[in-house]
Amino acid sequence: MKYERIVQCGLQNRSADYALTARDYIKNGDLGEIVAVHVKELGEGPIPFFEKEDSATPDTIDWDLWLGPTKKVPYNLSRNKSWLYYWDYSGGPVTSGGSIHQLDLARLVLDNPDFPKSAYCAGGRYLYNDKREIPDYQMTTFDYGKYVLTLETGEFTPYMQKSGPEVRFGNIYPKWMQNSTRIEILGTKKMMYVGRMGGGWQAFDMDEKIVAQDKGIFPLKAHILNFIDCIRTRKQPNGNIVEGHHSSVMIHLANLSYRAGNKQLLFSPEYETILNDEKAVAMDQLQYRKGYEINNEV
């Protein structure tokens, strides 16, 4: 924003027409007052993990460059190939499966609420007692004052599936009960399911009666065309950097809450800072290795 550059985040759902009709349906009050929103990213269970011993660095890799700003450690094949399991290189399950897409889509259909008042995350390693640093399940609760939004992420549900091409590019709605990336919005009158990447939305009354719906297709092409158009017109794109930042902060709050010991973190939307936990604040202020520093002000 400072340099008036056009930046589009890879949040393709923001270019889906059905996301806007879902937003309008909610704004019109057809669901009633929103009380709870549940965002899910549930995948298949992880395989057993056996960390390799440190070894000599292969000639085919610049290990120092690969490590970048993180602490310098000896070469390890597990860190190199299974980097997802280490906090130094990964955001854990809340980032690996694409839950940012569902979370950001939920924010869009809720008319882009500001930051939550607090975040509380619980979870752990439940399937394998190994050296993976990240949890295999996390449940985060964000307090928005008038309603609660939860983000559920995990790797233990082989019976859950993401929407396939017949949903993404066709007229078929997801099978909501076992859709691994669904959004549930519960109002005082009705409820709504929302699916990412072309899944569309359906609103339900009693006895599974569908009272409204809208479908779409995977909005990648629309997202790219919007970006190109904004480069030409200098308008802000659908997936602008500000909204991408808002959604990303929520992901970071989830992990910081978990890593601080399952602490409820009180958050200041005005100053964008954690108010009540020094450990979480310290983890949020990363230390970069010499030569890889990033200036606080660009």
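The residues of the stretch 8-38 that are touching a His at 6+ places or on another chain (Cβ under 9 Å) and assigned to a loop (DSSP other than H, G, I, E, B), listed by number, are Cys9, Gly10, Leu11, Ala16. Is it the case that the stretch 49-70 has a residue that's under 16 Å from the mean Cα position of the chain (by Cα) and either of a type in the set (Val, Ile, Thr) or assigned to a loop (DSSP other than H, G, I, E, B) (or both)? Scanning the stretch 49-70, I find no residue that is under 16 Å from the mean Cα position of the chain (by Cα) and either of a type in the set (Val, Ile, Thr) or assigned to a loop (DSSP other than H, G, I, E, B) (or both), so the answer is no. Scanning the stretch 41-95 for residues that are in contact (Cβ under 8 Å) with a residue 40 or more places away in the chain and polar (S, T, N, Q), we see that the one that is farthest from Ser247 (Cα to Cα) is Thr70.
Figure legend. Inter-residue proximity from the stretch 168-180: first residues of a type outside the set (S, T, N, Q), second residues surrounded by fewer than 16 Cβ atoms within 10 Å (Cβ to Cβ) and not in a loop (DSSP other than H, G, I, E, B), beta-carbon distance below 9 Å, spacing 6+ or different chains. Indicated pairs: Ile172/Glu166. Please indicate, with yes or no, whether at least one residue in the stretch 76-86 is in contact with a helix residue (DSSP H, G or I) (Cβ under 7 Å, 6 or more places away or on another chain), under 27 Å from Thr273 (Cα atoms) and not polar (S, T, N, Q). Yes, the conditions are met somewhere in the stretch 76-86.
The condition of being within 21 Å of the chain's Cα centre (by Cα), more than 26 Å from Cys9 (Cα to Cα) and either surrounded by fewer than 19 Cβ atoms within 10 Å (Cβ to Cβ) or not basic (Lys, Arg) (or both) holds for only one of Gln202, Gln264, that being Gln264.
Filter the stretch 123-152 down to residues that are hydroxyl-bearing (Ser, Thr, Tyr) and at pLDDT below 95 and give me whichever is farthest from the chain's Cα centre (by Cα). Looking at residues that are hydroxyl-bearing (Ser, Thr, Tyr) and at pLDDT below 95, I get Tyr128. For the stretch 132-139, the condition holds for no residue, the condition being that it is assigned to a loop (DSSP other than H, G, I, E, B) and without any contact (Cβ under 8 Å) to a residue 40 or more places away in the chain.
Filtered by the rule that a residue be in a loop (DSSP other than H, G, I, E, B), more than 16 Å from Gly43 (Cβ to Cβ) and touching a helix residue (DSSP H, G or I) at 6+ places or on another chain (Cβ under 8 Å), the stretch 176-209 gives Gly198, Gly199. Look at (1) more than 23 Å from the chain's Cα centre (by Cα); (2) closer than 28 Å to Pro116 by Cα; (3) crowded, with 16+ Cβ neighbours inside 10 Å; (4) among the hydrophobic types (A, V, I, L, M, F, W, C) and you find that Ile294 fails only one, number (3).
Within the stretch 210-226, the set of residues being assigned to a helix (DSSP H, G or I) and either out of contact with any strand residue (DSSP E or B) (no Cβ under 9 Å at 6 or more places or on another chain) or surrounded by 18 or more Cβ atoms within 10 Å (Cβ to Cβ) (or both) comprises Leu220, Lys221, Ala222, His223, Leu225, Asn226.
Residues are listed down the side, and each one gets a yes or a no for (1) out of contact with any helix residue (DSSP H, G or I) (no Cβ under 8 Å at 6 or more places or on another chain); (2) closer than 17 Å to Gly98 by Cα:
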site: Cys121; (1), (2): no, no
site: Tyr126; (1), (2): yes, no
site: Asn129; (1), (2): yes, no
site: Arg132; (1), (2): no, no
site: Gln138; (1), (2): no, yes
site: Asp143; (1), (2): yes, no
site: Glu152; (1), (2): yes, yes
site: Glu155; (1), (2): no, yes
site: Gly164; (1), (2): yes, yes
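Of the residues Glu41, Glu51, only one is over 30 Å from Val148 (Cα atoms) and surrounded by 14 or more Cβ atoms within 10 Å (Cβ to Cβ); which?
So the residue among Glu41, Glu51 that is over 30 Å from Val148 (Cα atoms) and surrounded by 14 or more Cβ atoms within 10 Å (Cβ to Cβ) is Glu51.
The values are calculated or read from the model by the stated rules, or taken from the named source; none is laboratory data. In this text, all values refer to a predicted model and were calculated from it rather than measured experimentally. Positions of Cβ are backbone-derived with ideal geometry, glycine not excepted, and every protein chain shown enters the neighbour counts.
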